[in-house]
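Since the structure comes first, as structure tokens, the remarks are kept for the end.
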Amino acid sequence: MAAVIRMHPMLLQLTLTSFVFLSCLRNGNAGITSTFIRSEYPSVDIPLGNKVFAVPKGHNAPQQVHITQGDYDGKAVIISWVTPDEPGPSKVQYGTSENGYKFSAEGIVTNYTFYEYKSGYIHHCLVDGLEHDTKYYYKIGSGDSSREFWFTTPPKIDPNSRYTFGIIGDLGQTFNSLSTLEHYMQSKGQAVLFLGDLSYADRYQYNEVGLRWDTWGRFVEQSTAYQPWIWSAGNHEIEFMLIWEKLLLSNPIFSGMLLLIWPPKVAILFEPHTRQISSCITVGDGGNQEGLAGRFKDPQPDYSAFREAAYGHSTLEIINRTHALYHWNRNDDGKKIATDAFVLHNQYWGMNHRRRKLKKHYVRKSLEQIAIY
């Protein structure tokens, strides 16, 4: 997680010194408060015996597998996992063909205690020297307990590279959380920007705190083992040592915020909670057991274009150097419902007469799909 730790303070500084928000070609549902009322309230955590928390078969089998970006160029990942009984090998075998592991990398292992809870053995392994836009297969563990996964590296850095981020915050481990995760996995997201408040284990006491970090790690593995999740810590991570990473939080008012730099001079600020910040996109709630915001300010503030008390996730599709398409996808009775969308215009490139234009039919088609809901 070293890359995440280095990036966090740099992005906060950019937020304060060079934040430029994007203008919209279409202002979504400007000034609208959704009338949607969710019936499933309050949200409760999934019982411990549920299959989504199942421990992998085999002695000391790797679990809670997750990857994150390992450098600034898209040619490295950090693969992390937990072995429950003994350290075992901290080694990743990988290659570009299934079952063809021509390369290997060695990692490090650590653990921690919290009250009487003792964590498993936490492995972090940097895999670098990768090629852009390439599918890699990797294997961790040993013998019959080994496990195999894959991931795809991002395209080569270029102003017109196309890439789609999933954006999730306040996830937790409820049935609503599961709905959000499954719906995101149906999207075409290539990496997740996570805005903080991961497991909500802090709502438990003593040994149960660590146990609920373990269940959450196994719960999200269905996605985190196959694509990078880029993390920001929220207020529910401040008081406890995370199983996955140690993050230094600076000013607490920025907890959970994540800044995406859209080169060369544009930044998009995402945050999971409702704050009076006029130039940000608030994304929440992923499904945690605290439930949803039930009240909004009346009248609706000028800075608020669209608001809705619902569980779900967002996607941000960087189409080219001038345009990006944002969607908010609501979990509606087990279905993924897109309820808001808008196009972001990078004004830096927009002022360049030689800029690459977004094809009008693509924008029109995307926005018409939203209008039918």
For the stretch 84-89, Karplus couplings with θ = phi - 60° (6.51, -1.76, 1.60), whole Hz, Gly/Pro x: x, 9, 7, x, x, x
Would you please give the residues with an amide H less than 5 Å from that of residue 31, counting only those at least 5 places away or on a separate chain, with H modeled from the backbone geometry? 305, 306
Report the label-to-label distance for residue 211 and residue 347 in nanometres (one decimal), using points 7 Å from each Cα along the Cα→Cβ vector. 5.4 nm
How high is the FRET efficiency between residue 186 and residue 99 when r is their beta carbon distance and R₀ equals 45 Å, given to the nearest 0.05? 0.95
Quickly rank 204-211, 220-227, 303-310 as a protection proxy: mean count of other C-beta atoms within 10 Å, highest first. 220-227, 303-310, 204-211
Mind listing the phi-derived Karplus ³J(HN,Hα) values for the stretch 53-61, rounded to whole Hz, using 6.51, -1.76 and 1.60 with θ = phi - 60°, and x for any glycine or proline? 9, 4, 7, x, 6, x, 5, 6, 5
Evaluate the distance, in nm, between pseudo-label points positioned 7 Å from the Cα of residue 54 and of residue 296 along their respective Cα→Cβ axes. 4.1 nm
Which FRET efficiency, nearest 0.05, do residue 73 and residue 36 yield, Cβ-Cβ r, R0 45 Å? 0.60
Can you tell me the Rg and Dmax of the stretch 42-81, counting just the alpha carbons, in angstroms? 15.5, 43
With charges set only on the Cβ (+1 for Lys and Arg, -1 for Asp and Glu), what does the dipole of the stretch 55-152 come to about its Cα centre, in debye to the nearest 20? 160 debye
So how many Lys-Lys pairs in the stretch 50-142 land under 24 Å Cα to Cα, not counting same-chain pairs under 8 apart? 15
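Just so you know, all these numbers are worked out from the coordinates, no wet-lab data involved. Just so it is clear, the structure is predicted and the values come from calculations on it, not from any experiment. Please note: Cβ atoms are built from the backbone with ideal geometry, for glycine as well, and neighbour counts cover all protein chains shown.
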